[in-house]
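Encoded as structure tokens, here's the structure I'll be asking about.
The numbers here are math on the coordinates, done by the rules we state, and not lab data. Nothing here was measured: the structure is a model prediction, and the numbers come from that model. Reconstructed Cβ throughout: ideal geometry from the backbone, glycine too, with neighbour counts over all protein chains shown.
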Amino acid sequence: MRLINRRPDRTSWMLLAALPFLLVLIAYALGSAVRLAENPSDKLLPGLTSFVDAIDRMAFTPDKRTGDILLWLDTATSLARLVAGIAIAAAGGLLVGLAAGLLPYVRATLAPFVTVASMVPPLAVLPILFIVVGLGEASKITLIVVGVLPCLIRDLMLKIDDLPRQQLIKAQTLGANSWTLAIRVVLPQILPRLIDSIRLNLGPAWLFLISAEAIASEAGLGYRIFLVRRYLAMDVILPYVAWITLLCFLMDLGLRVLQRRAFPWFEDARASA
Amino acid sequence: MTQISVRNVWKEYGEQVVLEQINLEIAPRSFVALVGPSGCGKTTFLRMLLSQETPTKGEILIDGIPISPEPGPDRGVVFQRYSVFPHLTVLGNVLLGAELKGGGVLGRLFGTARRQAKEEAVKLLDAVGLSHALEKYPAQLSGGMQQRLALAQALIAKPKVLLLDEPFGALDPGIRGDVHKLMRQLWHEHPMSVVMVTHDLSEAFHLATRVIAFDRRRNLPEERLRYGASITNDIEVWPRRVAGNPDFGKEPTLPRRDDPAQADGHPDRDDPADAA
């Protein structure tokens with residue numbers, strides 16, 4: 001049989017999916033064991049006990065100085081920034097994308113500008129943000145918005161272009177004006193696609209957040225890993241990285257579930273288009 | 001009653017002449033089929049009737065008034081695909097016309113108005129045989145059901161003219177027969193004229209009261225750019241069909257055009273004039 005026609009059954013599928021994860025864990029365990037055998041206080045590849053200690057210290061014991069439990073403080077701070085940034089970008093992207101996607105005058109005015117703006121590397125703007133809006137929360141949220149908004153606008157404009165012309169004509173023959181066409185025909189079809197866009201932009205949003213936190217912050221997941229880097233505290237950094245990955249994964253999953261629940265028609269419509 | 005007048009209409013895209021010198025009077029309650037080879041501009045002509053495109057020269061009038069430069073509720077349309085909205089249920093798709101018309105800023109109806117609109121929508125859906133699928137989404141319907149939905153959706157806006165752009169072209173032959181029967185019935189029951197583009201001649205003669213053929217009169221390679229298509233045949237379908245009277249022309253006494261001549265004293269259209 002040709003390779004393209006050979007399919008693993010359910011069990012082998014799951015085993016194969018687990019394989020890379022297992023390999024990474026085994027490689028780590030081996031490397032760690034070798035290094036620890038040579039030097040029991042090695043910091044680069046700490047063993048299981050160090051992780052348990054570090055996780056207990058960060059996630060379940062109040063900090064001696066402030067009384068806060070650091071992992072939860074960092075998580076709450078980072079998520080607040082991230083959600084605020086993404087929410088602002090999504091609202092703005094929806095508004096501008098809809099206007100520019102539907103109204104040729106708005107498109108003529110904004111499309112070239114948005115295209116250029118989306119080429120500006122957001123991290124290069126970070127110093128400007130620190131100077132202009134200060135080192136507080138605003139600069140971090142603004143960085144996420146600056147980084148994500150132009151992509152969302154461009155993506156939504158393209159997705160409105162992808163709606164069949166016939167639909168817009170048909171709506172007009174049913175008596176729609178520009179506004180009712182926007183809210184009854186285009187907006188409901190764009191919302192599930194906005195969720196797709198946000199999912200794709202979660203990665204960049206985290207990148208901007210962690211960068212901003214690494215440079216100037218007093219709490220946050222990114223702040224913490226860059227802080228403990230000074231002590232080579234791999235036992236803290238690695239669980240934090242895993243935790244951030246898990247959060248990102250859960251947000252993605254949540255958005256996917258939201259899309260399926262709120263727009264039950266979408267999956268079939270996409271498949272049949 | 002809706003008289004459509006097309007006066008000396010030309011359509012050019014840059015250098016390319018697509019249609020030239022189109023003159024046409026369409027009587028109220030007609031069912032006109034536009035036929036012709038692909039690329040002869042019949043769809044372009046339909047789009048101009050719809051105001052999806054504007055004529056380069058000439059004008060199109062409905063009841064003596066030039067048509068609006070943008071699509072509007074006086075002219076309904078059913079396309080071959082993408083006529084229905086994937087995010088609305090079957091009922092929602094038909095309700096939309098009523099809601100856009102009377103729903104104000106929100107484009108939605110509430111309370112009694114919604115109930116009345118819903119009744120009307122259900123009646124239309126019943127007429128097209130979709131009353132069992134009110135809560136389904138279009139993606140869950142077959143192609144024939146989607147086109148029947150598109151017809152009901154267009155009819156709730158009560159258009160004066162219904163424009164059909166190869167509406168049944170993608171359907172299986174069996175289903176197409178059912179939809180033809182439905183289409184003829186809808187034309188009889190609703191006070192509108194119908195203009196349909198089709199590449200299927202038998203469909204054209206099966207449904208229409210009048211078949212209009214578009215073609216290029218000059219088709220040499222060097223002529224193709226500057227000479228467009230125009231109306232080459234304008235055929236009244238016999239026996240005549242009359243809107244609102246499904247049985248007209250079906251009386252057994254009236255022979256069909258291709259039947260052998262009968263010596264019962266009924267002269268047919270093609271019979272030589274009676275010398276006596």
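Which order do peptides B:130-140, A:250-260 fall in by mean Cβ count within 10 Å, highest first?
Working: B:130-140: 17.2, A:250-260: 13.7.
Per-residue Cβ counts within 10 Å, averaged per peptide and sorted highest first, yield B:130-140, A:250-260.
If the convex hull of the alpha-carbon atoms of chain A is projected onto planes in all directions, what is the mean projected area in square nanometres? Kindly include the intermediate steps, with their values, before the conclusion.
Numbers: hull surface 85.3 nm².
Convex hull of Cα atoms, orientation-averaged projection: 21.3 nm².
How long are the semi-axes of the ellipsoid equivalent to the protein assembly as shown, from square roots of 5 times the Cα gyration tensor eigenvalues, in whole Å, largest first?
They are 66, 26, 23 Å, listed from largest to smallest.
A further question follows. Using a basic spin-label model with each label point 7 Å from the Cα along Cα→Cβ, how many nm lie between residue A:28 and residue B:70?
Distance between the two pseudo-spin positions: 5.9 nm.
Considering the convex hull of the alpha carbon atoms of segment B:86-158, report its projected area averaged over all viewing directions, in nm², one decimal. Before the final figure, lay out the partial values.
Numbers: hull surface 17.9 nm².
Approximately 4.5 nm², given one-decimal rounding.
Can you give the alpha-carbon Rg of segment A:3-45 over 2.2 N^0.38 Å, where N counts its residues?
For segment A:3-45, the normalised Cα radius of gyration is 1.82.
Provide the convex hull volume over Cα atoms per residue for segment A:23-134, in Å³.
219
On average, how many beta carbons from a partner chain sit within 10 Å of the beta carbon of a residue in B:71-80?
Counting other chains' Cβ atoms within 10 Å and averaging over B:71-80 gives 4.
Evaluate the distance, in nm, between pseudo-label points positioned 7 Å from the Cα of residue A:253 and of residue A:61 along their respective Cα→Cβ axes.
Result for the modelled spin labels: 3.0 nm.
What does the helix-only formula give at 222 nm for chain B: each DSSP H stretch with n ≥ 4 adding -39500 (n - 2.57), the total divided by the residues, and the result rounded to the nearest 500 deg cm²/dmol? Mind dumping the intermediate values first?
Numbers: 6 runs with 76 residues, N = 276.
It lands at -8500 deg cm²/dmol.
What ranking, highest mean first, results for peptides B:152-159, A:99-106 when packing means the other Cβ atoms within 10 Å averaged over each residue?
B:152-159, A:99-106
When a footprinting reagent is the concern and you count Cβ atoms within 10 Å, what order do A:232, B:141, B:50 take, fewest first? If you can, show how the numbers build up before the last one.
On the way: A:232 12, B:141 18, B:50 23.
Starting with the residue having the fewest Cβ neighbours, the order is A:232, B:141, B:50.
Under a point spin-label approximation (7 Å from Cα along Cα-to-Cβ), what is the residue B:123-residue B:53 distance to one decimal in nm?
Result for the modelled spin labels: 3.8 nm.
Need the full-extension length gain, residue B:140 to residue B:38, defined as separation in residues times 0.36 nm minus the C-alpha distance. One decimal, nm.
33.6 nm
Got the relative contact order for chain B handy, in percent, Cα pairs under 8 Å and 6 or more residues apart?
25
For residue B:3, what residues show an amide H to amide H distance below 5 Å, using hydrogens built from the backbone and excluding near sequence neighbours?
Amide H neighbours of residue B:3: B:63.
To two decimal places, what compactness ratio does chain B give when its Cα radius of gyration is scaled by 2.2 N^0.38 Å?
1.11
Something else now. Just add up the charged neighbours of residue A:57: K/R +1, D/E -1, any other residue whose Cβ is under 11 Å from the Cβ of residue A:57.
Neighbour charge sum, excluding residue A:57 itself: -3.
If a helix is a whole DSSP H run, which ones in chain A reach 27 Å or further along their own axis (Cα) and hold a mean Kyte-Doolittle hydropathy of at least 0.5?
Helices meeting the span and hydropathy rule in chain A are A:10-38, A:70-102, A:137-162, A:187-215, A:234-262.
Just to confirm the filter: which GluC sites (Glu not before Pro) across segment B:196-231 are DSSP coil and have at most 16 other Cβ within 10 angstrom of their Cβ?
B:222, B:223
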